[in-house]
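First comes the structure, then the notes that go with it.
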Amino acid sequence: MTGPSIDSRFNEIYDATHKIALTLITAKCGRTADISDIFQDTYTELYQVLQKRGASYIANDKAFVLRVAKQKLARYYSLQARLRMFVSSSTVNDDGDCIDISEQQADDFLTEDFAVDQLTLDEAKQYIRSRPEIVQKVFYLFYNVGLTIAEIAKALKISESTVKNKLYRTLKELRNLLI
């Protein structure tokens, strides 16, 4: 049952949490190409929970969304690891023919739930705060304000390659720390 209260509650939660959820997913995501899928899955699950449990079910919006995002990240990367293991040991049959394994088939053999790691977004923020001031400014302008790399370079009066270097190197460090 989808009513205006569920839709408005979803929009309220999304508006309050989308930036922090996107930042968490970006920091923990192994490939930038996967970010939008995991982000979308996170909010799809939020909407489904609101439909099933009601608009007033979620007490702490931020904690709930971040927990769902962490679960989606853990499941996604656990599936990839299992696929690599499964595909590497089972891609050739006894006749020497290649076996095509679809994502649905791979998902079928996943039966247990995956544990969500205990590291929080606060740890990521703390790590960013420990970086030099210029790195903190690049992250703030990119993730909080939504500026492009070119706009950040112009605002801070540094080259675009310096902005990319600071941004991507720090993201790699965060991934190694948080994943």
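The values are calculated or read from the model by the stated rules, or taken from the named source; none is laboratory data. These numbers come from a predicted model, not from an experiment. Backbone-built Cβ (ideal geometry, glycine too); neighbour counts: all protein chains shown. Accessible surface is based on the protein model in full, side chains and every heavy atom, while ligands, DNA and RNA are left aside. Shrake-Rupley method; radii C 1.70, N 1.55, O 1.52, S 1.80 Å.
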Subset of region 144-160 (residues that are among the hydroxyl-bearing types (Ser, Thr, Tyr) and under 27 Å from the mean Cα position of the chain (by Cα)): Thr148
I want to confirm something. Restricting to region 153-170 and keeping residues that are open to solvent by 50 Å² or more (accessible area, probe 1.4 Å) and in a loop (DSSP other than H, G, I, E, B), which single residue is farthest from Thr26 (Cα to Cα)? Lys157
In region 140-179, residues that are closer than 20 Å to Ser130 by Cβ and either hydroxyl-bearing (Ser, Thr, Tyr) or touching a strand residue (DSSP E or B) at 6+ places or on another chain (Cβ under 8 Å) (or both) total 5
Go through region 99-152 and count every residue that is part of a helix (DSSP H, G or I) and either surrounded by 13 or more Cβ atoms within 10 Å (Cβ to Cβ) or at pLDDT 75 or above (or both). 25
Looking for something among the hydroxyl-bearing types (Ser, Thr, Tyr) and in contact (Cβ under 8 Å) with a residue 40 or more places away in the chain - is there at least one such residue anywhere in region 21-33? yes
Being of a type outside the set (A, V, I, L, M), open to solvent by 10 Å² or more (accessible area, probe 1.4 Å) and modelled with pLDDT of 85 or more is the filter here, so list the residues in region 1-23 that pass it. Ser5, Asp7, Ser8, Arg9, Phe10, Asn11, Glu12, Tyr14, Asp15, His18, Lys19
If I filter region 50-61 for residues that are assigned to a helix (DSSP H, G or I) and either closer than 28 Å to Phe139 by Cα or of a type in the set (Ser, Thr, Tyr) (or both), do I get at least one hit? yes
Exception for Gln80 within (1) at pLDDT 80 or above; (2) assigned to a helix (DSSP H, G or I) falls at (1)
Look through Thr44, Thr26, Thr91, Thr32 and report the one residue that is hydroxyl-bearing (Ser, Thr, Tyr), modelled with pLDDT under 85 and open to solvent by 60 Å² or more (accessible area, probe 1.4 Å). Thr32
